[in-house]
Amino acid sequence: MGLVMSEDDLGLTAEQQARKKQLELYSTLIGVAVAVVVSGVGWLLIREAYPYLRYFYFMGVGLGSFFLAYVASHWLMAASARCDQCSALYSVSMTDKQERYLSSTPRHREVEAGRSISGPNEGKRLIRKISWTETRYEVSKTYVCTSCGDTRVQRSTRTSKENEHSDDVYRR
Ligand SMILES: [Zn+2]
């Protein structure tokens, strides 16, 4: 918890403070979502067995999981918002994201889905022919530090399955 609580706002520029507030908001939302899921699942599991304990459980586990999720997510986001170049806190953010088309490759595969046991196709195998287009994109994300202006571009590729369709055919 020291990581979150000990950083004071002294010395942070208005931009850094705004970024810090933004990350705190994200962490709060993540914490609430985790707490709802964890205590909700726990509630379903113990409500029959421990009629009184469940209230205590609901508060304890809810608060505990909120706190853990808040601290962990804030720590991760704060680490990525810290500039490698000048070490300024809450100063790096993504300013641009672009996708560039790289290639399209037709793909197909066949799956044996079963066997017909009656009718005109009796005894034949049911083959599902699946085809799609595998499209690759280059993703470029630009990160800029508001304190020293350091700019970094992170490139990765994204593959997506497009125009998927399937045909069923019978075959001996
Ligand atoms: Zn910097």
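Each reported figure results from applying straightforward, stated rules to the coordinates on display, with no laboratory input. Keep in mind that this is a model prediction, so the values were computed, not measured. When we count neighbours, we look across all protein chains shown, and the Cβ atoms used for this are built from the backbone with ideal geometry, even at glycine.
Hey, what's the Cα Rg ratio for the chain versus the globular rule of thumb, 2.2 N^0.38 Å? Let's see the in-between values first.
On the way: Rg = 26.3 Å, N = 172, 2.2 N^0.38 = 15.6 Å.
Normalised by 2.2 N^0.38 Å, the Cα Rg of the chain equals 1.69.
Compute the long axis of helix 14-46 from its Cα atoms, compare it with the longest principal axis of the Cα atoms of the chain, and write down the angle in degrees, 0 to 90, nearest 10.
Once rounded, the angle reads 60 degrees.
What does the charge add up to near Ile130, with Lys and Arg as +1, Asp and Glu as -1, over the other residues with Cβ less than 14 Å from its Cβ?
Values: positive: Arg107, Arg109, Arg128, Lys129, Lys161; negative: Glu110, Glu112, Glu134, Glu162, Glu164, Asp167, Asp168.
Local charge sum for Ile130: -2.
Can you compute 3J(HN,Hα) from phi for each residue in the range 87-97, using the Karplus curve 6.51 cos²θ - 1.76 cosθ + 1.60 with θ = phi - 60°, rounded to whole Hz and x for Gly and Pro?
Each residue of the range 87-97 in turn: 6, 5, 7, 6, 10, 9, 9, 6, 9, 7, 9 Hz.
Please list, in order along the range 54-60, the HN-Hα scalar couplings obtained from phi with the Karplus expression 6.51 cos²θ - 1.76 cosθ + 1.60 (θ = phi - 60°), rounded to whole Hz, x for Gly and Pro.
Calculated HN-Hα couplings, in order: 4, 5, 4, 4, 4, 6, x Hz.
Hey, can you grab everything whose amide H is under 5 Å from the amide H of Ala81? Only 5+ residues off in sequence or another chain; H modelled, so Pro and N-termini drop out.
Amide H neighbours of Ala81, under 5 Å, 5+ apart: none.
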